[in-house]
Amino acid sequence: MSTLAVSAPAERRFGIGAIVLIIVGLFVLLTLAAIAFGSTWIPLETVAQVILGGGEKTEKLVVWQLRMPRVMAAAIAGAAIAFSGYLLQRITRNELASPGVLGVVDGAALGVVLFLAIFSNESNALTVSVAWQPLAAAIGALTAISLVFILSGRQSSSAIRLLLFGIAIAAVAKALTTVFMLIGPVYQTAQAARWLAGAVNAISWSEIQIMAICLVPTVLLAAWLAKDLPPADLDDVSSRSIGLNLPVYRIAVFFVAAMLTSIAVAFVGGVGFLGLIAPHLARLLVGRARFAGILASCLIGAMMLIGADLLVRVAFTPLEVPAGTVTAIVGAPYFLFLLMRKDKTNG
Amino acid sequence: MADLVPSRIEVRDLTLTYGHDTVLDALNLPIPRGKVTVLAGPNGCGKSTLLRAIRRLHTGQKGQILLDNVDIASLGAKDLARQIGLLAQNPSAPPDMTVEELVRLGRYPHQAMLQPWSERDGAAVNRAMDGTGVTGLKTRRIGSLSGGQLQRAWIAMVLAQETDVICLDEPVNHLDMAHQLDCLDLVLKLNQEDGRTIVLVLHDLNLAARYADQLVFVHEGRVRALGQPEELMKPELLAEVFEVDAAIMTDPVHGRPICIPRGRARAAVQEVA
């Protein structure tokens with residue numbers, strides 16, 4: 001029997017459990033480091049102490065009020081976007097699928113910019129609660145992904161067609177966002193500008209709270225849906241003939257993925273690129289295992305956003321460069337690499 | 001024949017249109033229990049569409065498919081998948097999926113929310129892999145298999161589904177001669193040893209005539225003729241359905257009818273009826 005000369009995949013050499021543990025370890029270290037870094041260095045053990053309830057008053061203040069929110073926000077949002085990307089890549093059976101490519105990120109951005117334009121007054125304050133912002137993002141995101149589906153029509157089962165329509169819709173949403181930024185009465189320009197590139201610097205605990213509350217049911221629903229991902233790995237006819245209602249299932253997964261991304265980007269802005277890369281790296285590391293893959297995707301996504309935010313704080317201080325810019329700069333070459341590689345999986 | 005054996009499946013007035021194209025036109029077809037039914041016909045005659053329609057895979061198909069006198073439209077997706085299995089024409093799975101993973105997917109319709117993987121599922125998977133000879137390949141990845149191995153792995157997946165009716169859409173396409181016979185012999189064994197009802201779409205008319213209990217000629221979205229291969233392998237009928245001028249002989253090895261279509265460029269050396 002001929003064996004192809006392929007190096008053994010990582011998950012076979014080390015075991016999935018060990019790889020996931022290493023990723024968890026790296027995640028914890030990076031999180032602590034991200035809290036430690038800033039205008040003043042706080043030693044890692046002090047950070048750990050404060051988190052566990054100890055520490056002095058000033059240290060507590062810096063850790064809990066200044067640094068923790070942005071690290072938490074980056075972790076939660078990064079994980080949610082990566083989870084969304086994981087679902088999209090599996091359901092489309094295409095490793096180039098991501099919330100950004102399918103128009104979800106730009107749709108959400110448009111939703112938020114319109115929300116800020118409509119509900120701001122002259123004194124730069126929102127006339128309604130900021131809690132509605134994720135709803136606006138979700139409406140924008142769902143509108144975008146629905147349009148992608150409606151336009152691709154009967155061809156929506158073809159991953160390539162879907163991606164092409166997604167890219168087109170994303171471009172339109174992006175253009176409209178820019179137009180509204182320029183001509184619309186957006187008083188909270190700073191808040192809206194955060195959108196165009198993505199940043200976690202201005203986030204508050206109350207915003208994190210809203211994000212978490214919205215994400216919990218969505219993540220539970222996504223995890224429940226994930227149990228049917230393996231039959232959906234097959235072609236349409238095969239997956240349906242083993243009893244999966246694929247058309248309905250596919251729409252459910254797209255909906256949940258759009259929700260995950262829109263909730264996250266409602267607060268941290270357009271950081272879509274990690275939704276492409278994190279699940280892809282996770283798949284390289286842990287292979288096809290579903291829950292390990294989801295966990296690894298989420299942790300890698302969290303680390304990427306925490307890392308990007310850390311980088312802009314350390315390297316560009318006192319300028320606040322949006323973290324989304326960093327993820328895009330790192331992500332774009334990787335995207336090109338994926339595109340140029342010999343295409344093996346697309347049918 | 002259809003009078004003696006009660007039909008497992010009755011296709012009644014099956015119509016399917018795509019836009020202005022009528023792919024299946026009020027088609028009727030009995031599929032006898034425990035027999036091998038082979039659907040044959042020229043390209044685009046609707047035979048693959050008919051096979052998928054029997055498994056209710058088309059949206060907007062009109063008419064009835066009766067499975068033991070029950071309209072399958074009343075069955076749930078998983079219910080139906082426990083009764084009729086189907087191997088697609090060009091099935092595809094991720095190249096990094098292992099053979100065992102693929103075969104285990106055949107148990108999907110047998111699993112429910114609060115009913116995880118059971119011993120019965122494991123036994124069915126092992127039986128399916130043994131029966132198709134892929135047990136030794138179970139840790140191999142789909143992308144590393146040869147065409148024949150791949151086809152056996154897919155058949156194993158359909159077998160693990162443990163359905164009484166098995167539909168296979170051109171299962172021997174892209175296989176060399178030896179693997180074509182391996183594959184069809186395996187299917188015949190399922191029929192003869194387990195009494196399963198088999199519905200096959202085959203392109204090769206001589207293979208169809210060799211393996212069919214009931215041969216069906218599908219032409220322009222309708223059943224043009226059905227019966228035993230001897231009844232259907234007639235020059236006039238082949239001329240009408242397949243547009244070939246063919247000589248019919250009896251295969252001296254299997255005693256089944258075979259056809260030899262007359263070429264237009266190469267002159268015949270001997271006149272046969």
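Here the dipole of chain B is about 500 debye; that uses its Cα centre as origin and unit charges on the Cβ of Lys and Arg (positive) and Asp and Glu (negative). If you run the Gaussian network model on chain B, springs between alpha carbon atoms under 10 Å, then out of B:A26, B:A81, B:A178 the most flexible one is B:A178. Across all C-alpha atoms in the protein assembly as shown, the radius of gyration and Dmax reach 29.6, 106 Å.
Peptide A:240-251 has a mean of 6 when you count, residue by residue, the C-beta atoms of other protein chains within 10 Å of its C-beta. The value for region B:74-170 of Rg(Cα) / (2.2 N^0.38 Å) is 1.03. Taking GluC sites (Glu not before Pro) as exposed when DSSP calls them loop (any state but H, G, I, E, B) and at most 10 other Cβ atoms lie within 10 Å, what is the longest stretch of chain B free of them, the sites themselves excluded? Excluding the exposed sites themselves, the longest stretch runs over B:1-242.
Computed from the C-beta positions of A:A18 and B:D185, the FRET efficiency with R₀ = 60 Å rounds to 0.85.
Comparing A:S152, A:S98, A:S241 in a Gaussian network model of chain A where C-alpha atoms under 10 Å apart are linked, the largest mean-square fluctuation is found at A:S241.
With all pairs of different C-alpha atoms in the average, the Kirkwood value for the hydrodynamic radius of chain B is 19.7 Å.
Relative to one another, the C-alpha centroids of region B:1-72 and region A:228-263 are positioned 27 Å apart.
Around the amide H of B:L86, modelled in the peptide plane, lie the amide H atoms of B:C167, all under 5 Å away and 5 or more residues distant in sequence or on another chain. Computed over chain B with a Gaussian network model linking Cα atoms closer than 10 Å, the most mobile of B:H110, B:H20, B:H174 is B:H20. For each pair in A:K60/A:K174; B:K78/B:K189; B:K47/B:K78; B:K78/B:K138; B:K62/B:K138; B:K138/B:K189, compute the distance between the two Cα atoms and list the pairs where it is over 30 Å. Listed pairs above 30 Å: A:K60/A:K174; B:K62/B:K138. Neighbour counts of other Cβ atoms within 10 Å put A:S84, B:S92, A:S120, B:S118 in the fewest-to-most order B:S118, B:S92, A:S120, A:S84.
Our note on the geometry: Cα centres of region A:163-179 and region A:76-100, 18 Å apart. A convex hull fitted to the Cα coordinates of chain A yields 153 cubic angstrom per residue.
Quick note: the coordinates plus some simple rules give every number you see, no bench work behind them. Keep in mind it's a predicted model, so treat the numbers as computed, not measured. Positions of Cβ are generated from backbone atoms using ideal geometry, with glycine treated the same way; all protein chains shown enter the neighbour counts.
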